[in-house]
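What follows is a single structure, written as structure tokens, with notes after it.
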Ligand code: PEP
Ligand code: MG
């Protein structure tokens, strides 16, 4: 997008995740005609489909999921071969809300999405009203994000009950955003047990987003308290590198910076040592420079934008994890020789373990 010269016509196809600069007038879509899911703006079908059993070039099994906020995105991701949803961003439907959503409002939003995911992984993230996703009723002062959710009477309970009801047929998991303390995890786990008792559901797995630098650095302390980690490279890279997410210089490839990579290695290692699952759901998972490094650090579950699934599957199939691990260790070693910050040691340790696994 930054490379496009000013003054040109462009079409942003938000369903397909494509910006088409200087579109061919012959193939320009009629905006009044709805398209089938999986069909790009140009009328071309989305490229390929991820295989059911996805493996790297050296035979490592990888699970590829999709990031969604709507039923349309979920259909697109599944039609591209995603095994399920690795990140359902529930806050997107409510960024214009005038109060905390009721249980009924959550159900209205969740039912069409989770209905498509029967028998499949469905990782539902709790409302993350932070950054650029803060609704009018929380602006401009006062707590935001997880702090606001935990502090608003009934808000968490309403969402959890709706998640358990709408997700009954799925392989459901609940994901807590922006976690900074074990107390937050304990609060959500207690609320989840209460909601499960009220709805007659089995308590699903509970995981945390690792997207705050101090949480990533202390991953070993969080691991015994949760069922899985999901690494949010968007917020993590932004904080570690001091680049605002709204800054045009922000891009997923920044996660290849050794300061970020070392933290990802720390998280992957803590998960492996504790025996919990770890995935990456930030945009770096769909970035061809960073994806092999994530695989090299031992990550085997990735969740990417719904429109990116076939392309990312092809990149995964072409990656040799041993070569990728060597590449990751070289980046971390070069950074530590150059004395760039603390933490590379842990990242290198993660790679060493991965290479001898
Ligand atoms: C992230 O921060 O990487 C992430 C996946 O969460 P979001 O982009 O919704 O903040
Ligand atoms: Mg985030």
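Answer yes if at least one residue in the range 110-127 is within 16 Å of ligand 2 (Cβ to nearest atom), modelled with pLDDT of 95 or more and out of contact with any strand residue (DSSP E or B) (no Cβ under 9 Å at 6 or more places or on another chain), and no otherwise. Checked the range 110-127: at least one residue is within 16 Å of ligand 2 (Cβ to nearest atom), modelled with pLDDT of 95 or more and out of contact with any strand residue (DSSP E or B) (no Cβ under 9 Å at 6 or more places or on another chain).
Name every residue in the range 123-142 that is away from ligand 1 (no atom under 16 Å from the Cβ) and surrounded by 14 or more Cβ atoms within 10 Å (Cβ to Cβ), in order of residue number. Within the range 123-142, just 137 meets the criteria.
Kindly establish whether residue 16 is under 20 Å from the mean Cα position of the chain (by Cα), more than 30 Å from residue 325 (Cα to Cα) and either part of a loop (DSSP other than H, G, I, E, B) or modelled with pLDDT of 85 or more (or both). Spelling it out, residue 16 is indeed under 20 Å from the mean Cα position of the chain (by Cα), more than 30 Å from residue 325 (Cα to Cα) and either part of a loop (DSSP other than H, G, I, E, B) or modelled with pLDDT of 85 or more (or both).
Kindly provide the set of residues from the range 229-254 that are touching a strand residue (DSSP E or B) at 6+ places or on another chain (Cβ under 9 Å) and more than 9 Å from ligand 1 (Cβ to nearest atom), ordered by number.
229
Pairs linking a residue in the range 139-154 that is touching a residue at least 40 places away in the same chain (Cβ under 8 Å) to a residue that is surrounded by 15 or more Cβ atoms within 10 Å (Cβ to Cβ) and not in a helix (DSSP H, G or I), with Cβ atoms under 9 Å and 6 or more positions apart or on different chains, are 152/100; 154/100. Of the helices (runs of 4 or more DSSP H) contained entirely in the range 280-344, those carrying at least 2 residues that are closer than 18 Å to residue 267 by Cα, modelled with pLDDT under 95 and out of contact with any strand residue (DSSP E or B) (no Cβ under 8 Å at 6 or more places or on another chain) fall at 321-337. What's the total number of residues in the range 56-73 that are away from ligand 1 (no atom under 16 Å from the Cβ) and surrounded by 14 or more Cβ atoms within 10 Å (Cβ to Cβ)? Qualifying residue count for the region: 7. If you go through the range 1-13 and pick out every residue that is at pLDDT 75 or above, part of a loop (DSSP other than H, G, I, E, B) and in contact with a strand residue (DSSP E or B) (Cβ under 6 Å, 6 or more places away or on another chain), you end up with 2. Just to be sure before I move on: is residue 189 touching a strand residue (DSSP E or B) at 6+ places or on another chain (Cβ under 8 Å), more than 16 Å from ligand 1 (Cβ to nearest atom) and farther than 27 Å from residue 153 by Cβ in the structure I sent? Answer is no for this residue.
Considering each residue of the range 274-285, count those that are surrounded by 24 or more Cβ atoms within 10 Å (Cβ to Cβ) and without any contact (Cβ under 8 Å) to a residue 40 or more places away in the chain, and give that number. So the answer is 0. Going by the conditions given, is residue 226 crowded, with 23+ Cβ neighbours inside 10 Å, within 18 Å of the chain's Cα centre (by Cα) and more than 15 Å from ligand 1 (Cβ to nearest atom)? Spelling it out, residue 226 is indeed crowded, with 23+ Cβ neighbours inside 10 Å, within 18 Å of the chain's Cα centre (by Cα) and more than 15 Å from ligand 1 (Cβ to nearest atom).
The values are calculated or read from the model by the stated rules, or taken from the named source; none is laboratory data. Note that the structure is predicted; figures quoted are calculated from it, not measured. Counting neighbours? That spans all protein chains shown, and the Cβs are built from the backbone with ideal geometry, glycine included.
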